[in-house]
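This report concerns only the one structure given below.
The values are calculated or read from the model by the stated rules, or taken from the named source; none is laboratory data. Just so it is clear, the model here is predicted, and its values are computed rather than measured. Ideal geometry is used to build each Cβ from the backbone, glycine not excepted, and the neighbour counts take in all protein chains shown. SASA here: full protein model, heavy atoms, side chains in, ligands and nucleic acids out. Shrake-Rupley method; radii C 1.70, N 1.55, O 1.52, S 1.80 Å.
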Amino acid sequence: MDKLRKRRGKYRSKTALCVIFVIALTIVACTGNTPTSTEANKTAAKDTVGVFVPPDTSTIPHDPFGDMVRYGRELVVNTAYYIGPEGTVGKYLGNKMNCAHCHVDAGTRPFAFNYFSAHARYPQYRGRENKILTLSERVNNCIERPHSGTPMPLDCKEMVAIVSYIKWLGANVPVNQHVKGDESLEIEYPNRAADPEKGALVYAENCVSCHGKDGEGQWTPDSATYIYPPLWGKWAYQHGSSPSRVVKLARFIKANMPDKKATWHKPFLTDEQALDVAAYINDDRIHPRPEKKNRKIPDYPNVATKAIDYDRGPYSDTFSELQHKFGPYKPIVDYHKEHKLPIIW
Ligand code: HEC
Ligand code: HEC
């Protein structure tokens, strides 16, 4: 069971209300008084068609492989407890976030950095490292950044467990294939740059109650991990990790935040609001975050493979670091098309 979810006592009452609401709706539906479905409902229903449905945890086999899968899931949910700075089985992470703070619902939620097709798509070329990475090496990427940690030995039990869990989750995904819902939600890019000042207002209205005035999140009572994870400051994700890119983050926010209000098929924020708030969170001029200086190998040694919203040059185009970070992105995309350069997000 998810210890983390259990700790979120505050939300139990809301969850209970939702359950009652759903039961009430079901009763209405079963008694024949089905409410007329609105256009919005129809669109939502259409969008959900074909979205990958991960297997239920009750189907994890009761054998040695299944035991590893269960342990892997436990590690993804309660990462800091096991392998955090004061970890009980190893000290690898530099912060007390859990994988599931970003890989929501233990990597099983559509459009929430899930693990649906991860096992099917690795080993894979990664531009940031300019190398073919195995899935275990990719897990270590997240341990180094965003978790500010040191890589786990590739053959240690915890690594094998995490990879076993990811394999079990995506066992029905054909090799090298994507499935619907495994990527981030698409958003439209406005003709202006994302605006951290506008984002500050979005944050104050919709995010501050959980993530805090200084983006510090909220600790569990024993400070072992977070009820609400941090968004900036020294315990948050590192610079150079995927969420530190504005577009990457905005897509996640649009599909998932504010928690309990937004879903990928019924987002809460508009595309512009999601971009603005992502710009506010990731603006290093006002919000510092950990960064490893002087990397032996710089990110994206082959600049042509650099993500459009990566905020450090050099680039294969003529646009500034500021424009790559905040946009407007359309002129950059057009330039890449015109010059036959890769368009990578
Ligand atoms: C602060 C957020 C965050 C945390 C914490 C985090 N990750 Fe990630 N992880 C990401 C993002 C963002 C991506 C890139 C997803 C994408 O490109 O769509 C990613 C990618 C991955 C991938 C590759 C997925 C794929 O399909 O290519 C794996 C595997 C992974 N993470 C494992 C982990 C594990 C295991 C942990 C915990 C030890 C962890 N991550 C912690 C944000 C995070
Ligand atoms: C009701 C509480 C709540 C609100 C409000 C909320 N979040 Fe979250 N947020 C969470 C929780 C809990 C998680 C961890 C993932 C999960 O379990 O859903 C999270 C995770 C995140 C993450 C990824 C993890 C990290 O720390 O990097 C980001 C980014 C984020 N939220 C941004 C936002 C933004 C932006 C808003 C406002 C638009 C917002 N959240 C509003 C509760 C909240």
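When restricted to residues that are near ligand 1 (Cβ under 9 Å from one of its atoms), in contact with a Pro (Cβ under 9 Å, 6 or more places away or on another chain) and touching a residue at least 60 places away in the same chain (Cβ under 8 Å), the stretch 118-142 contains 0.
Pick out, from the stretch 93-165, the helices (runs of 4 or more DSSP H) lying fully within it that include 1 or more residues that are within 13 Å of ligand 2 (Cβ to nearest atom). Quick ask: steps written out before the conclusion?
Numbers: elements: 104-107, 118-121, 135-144.
Result: 104-107, 135-144.
Determine whether the stretch 252-264 contains at least one residue that is open to solvent by less than 20 Å² (accessible area, probe 1.4 Å), more than 7 Å from ligand 2 (Cβ to nearest atom) and outside any loop (DSSP other than H, G, I, E, B). Yes, the stretch 252-264 contains at least one residue that is open to solvent by less than 20 Å² (accessible area, probe 1.4 Å), more than 7 Å from ligand 2 (Cβ to nearest atom) and outside any loop (DSSP other than H, G, I, E, B).
Among the residues making up the stretch 169-186, those that are of a type outside the set (S, T, N, Q) and modelled with pLDDT under 95 are Glu183, Leu185, Glu186.
Mind telling me which of the residues Pro342, Pro331, Pro298 ends up being within 24 Å of Asn141 (Cα to Cα), in contact (Cβ under 8 Å) with a residue 12 or more places away in the chain and in the same structural domain as Pro243 (by TED's automatic domain parsing)? Before you say what the answer is, go through the steps one by one.
Details: Pro331 fails: within 24 Å of Asn141 (Cα to Cα); Pro298 fails: in contact (Cβ under 8 Å) with a residue 12 or more places away in the chain.
Of Pro342, Pro331, Pro298, the one residue that is within 24 Å of Asn141 (Cα to Cα), in contact (Cβ under 8 Å) with a residue 12 or more places away in the chain and in the same structural domain as Pro243 (by TED's automatic domain parsing) is Pro342.
Would you check which residues across the stretch 235-274 are aliphatic (A, V, I, L, M) and within 16 Å of ligand 1 (Cβ to nearest atom) and list them? Give the derivation first.
Let us first name the residues in the stretch 235-274 that are aliphatic (A, V, I, L, M), namely 236, 246-247, 249-250, 253, 255, 257, 262, 269, 274.
Those that are aliphatic (A, V, I, L, M) and within 16 Å of ligand 1 (Cβ to nearest atom): Ala236, Val246, Val247, Leu249, Ala250, Ile253, Ala255, Met257, Ala274.
So which of Thr48, Thr108 is surrounded by 21 or more Cβ atoms within 10 Å (Cβ to Cβ), of a type outside the set (A, V, I, L, M, F, W, C) and under 21 Å from the mean Cα position of the chain (by Cα)? I'd like the intermediate steps shown before the answer.
Working: Thr48 fails: surrounded by 21 or more Cβ atoms within 10 Å (Cβ to Cβ).
From the options Thr48, Thr108, the qualifying one is Thr108.
Checked against (1) of a type outside the set (Ser, Thr, Tyr); (2) over 25 Å from the mean Cα position of the chain (by Cα); (3) within 25 Å of Tyr280 (Cα to Cα); (4) modelled with pLDDT under 95, Pro331 passes all but condition (4).
Kindly check whether there is at least one residue in the stretch 313-336 that is part of a loop (DSSP other than H, G, I, E, B), within 13 Å of ligand 1 (Cβ to nearest atom), closer than 17 Å to Asp195 by Cα and of a type outside the set (Ser, Thr, Tyr). Break it down stepwise before answering.
Filtering the stretch 313-336 for residues part of a loop (DSSP other than H, G, I, E, B) gives 313-320, 327-329.
Adding the requirement that they be within 13 Å of ligand 1 (Cβ to nearest atom) leaves none.
Taking every residue of the stretch 313-336 in turn, none turns out to be part of a loop (DSSP other than H, G, I, E, B), within 13 Å of ligand 1 (Cβ to nearest atom), closer than 17 Å to Asp195 by Cα and of a type outside the set (Ser, Thr, Tyr).
Within the span defined as the stretch 304-323, one or more residues are more than 16 Å from Arg245 (Cβ to Cβ), among the acidic types (Asp, Glu) and either out of contact with any Cys (no Cβ under 7 Å at 6 or more places or on another chain) or buried (at least 23 other Cβ atoms within 10 Å of the Cβ) (or both).
Could you grab me the full set of residues in the stretch 276-306 that are aliphatic (A, V, I, L, M), within 25 Å of Phe111 (Cβ to Cβ) and touching a Phe, Trp or Tyr at 6+ places or on another chain (Cβ under 8 Å)? Residues satisfying the conditions are Val277, Ala279, Ile281.
Thr150 meets all of the listed conditions (1) over 17 Å from Asp299 (Cα atoms); (2) crowded, with 17+ Cβ neighbours inside 10 Å but one, namely (2). Filtering the stretch 112-140 to residues that are out of contact with any strand residue (DSSP E or B) (no Cβ under 7 Å at 6 or more places or on another chain) and open to solvent by less than 30 Å² (accessible area, probe 1.4 Å) leaves Ala112, Asn114, Tyr115, Phe116, Ser117, Ala118, Ala120, Gly127, Leu135, Ser136, Val139, Asn140.
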